[in-house]
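Read through the structure below, which is laid out as structure tokens, and then see the notes.
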Amino acid sequence: MKEQILELSYRIYALDELPEESRKLVDAALEATRRSYAPYSHFYVGAALLLDNGVIVTGNNQENVAFPSGLCAERTALFYANAQYPEVPVKALAIVARDSAGKVTQAPISPCGACRQVMLETENRFGKPMQVLLASAEEVIVVERASSLLPLAFSEIS
Ligand code: THU
């Protein structure tokens, strides 16, 4: 028997400490929450991607009365980016949410399992790390690669 220990290293920045490029991405994610369609949860999530060509793509959660038909902000943005720019790696992904009162959450929100799987695939597809920024009202957690958020991930059965 062997035991493996997995470690996750990440940094926590105050908003005003963030590098300019990251700050811009968080602002784009925040702006995207304003276009989210969340009449059922009243939880407005925004995601912004920085592509390798400098383009910023945003997405937000899109809900549906048939609940499972909706989609998280992260996957909305990633699928759009991969549909429009299939050859361009994604360098960074910022996520932020506002609650039903319109306030940015006190704690950073973290992507669901399904989004992590899609983030991982995007990273693997381009063979380049995708930095993940989880923003809140006061601080931002920065993880250097999406794969750290999904240890022992599913991959093709051989
Ligand atoms: N949601 C996201 O868009 N991203 C996340 O990381 C977590 C949850 C959405 C799904 C649903 O529309 C709402 O937030 C409440 O769960």
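The values are calculated or read from the model by the stated rules, or taken from the named source; none is laboratory data. Note that the coordinates shown come from a computational prediction; the quantities given were computed from them, not determined experimentally. Don't worry about glycine lacking a Cβ; one is built from the backbone with ideal geometry, like all the others, and counts go over all protein chains shown. With ligands, DNA and RNA removed, areas are computed over all heavy atoms of the protein, side chains included. Shrake-Rupley method; radii C 1.70, N 1.55, O 1.52, S 1.80 Å.
For region 118-141, how many residues are more than 25 Å from P86 (Cβ to Cβ) and either assigned to a helix (DSSP H, G or I) or under 11 Å from the mean Cα position of the chain (by Cα) (or both)? So the answer is 2.
Scanning region 7-30 for residues that are in a helix (DSSP H, G or I) and not polar (S, T, N, Q) yields a total of 13. Taking (1) touching a residue at least 60 places away in the same chain (Cβ under 8 Å); (2) surrounded by 16 or more Cβ atoms within 10 Å (Cβ to Cβ); (3) more than 18 Å from T58 (Cβ to Cβ); (4) not hydrophobic (A, V, I, L, M, F, W, C) in turn, R98 satisfies each apart from (3).
Being small (G, A, S) and in contact with a Ser or Thr (Cβ under 7 Å, 6 or more places away or on another chain) holds for only one residue in S110, S155, S147, S136, and it is S136. Name every residue in region 58-71 that is more than 9 Å from the ligand (Cβ to nearest atom) and touching a strand residue (DSSP E or B) at 6+ places or on another chain (Cβ under 6 Å), in order of residue number. Passing the criteria: only T58. Among the residues of region 47-69, those that are open to solvent by less than 20 Å² (accessible area, probe 1.4 Å) and farther than 14 Å from A92 by Cα comprise N60, N61. Looking at region 115-137, can you tell me whether even one residue there is under 17 Å from A32 (Cβ atoms) and more than 15 Å from the ligand (Cβ to nearest atom)? The answer is yes; a qualifying residue exists. Scanning region 15-46 for residues that are more than 20 Å from E139 (Cβ to Cβ), open to solvent by less than 60 Å² (accessible area, probe 1.4 Å) and within 17 Å of the chain's Cα centre (by Cα) yields a total of 1.
Looking only at region 72-95, decide whether some residue is within 23 Å of F126 (Cα to Cα), of a type in the set (K, R), within 16 Å of the ligand (Cβ to nearest atom) and crowded, with 19+ Cβ neighbours inside 10 Å. Taking every residue of region 72-95 in turn, at least one turns out to be within 23 Å of F126 (Cα to Cα), of a type in the set (K, R), within 16 Å of the ligand (Cβ to nearest atom) and crowded, with 19+ Cβ neighbours inside 10 Å.
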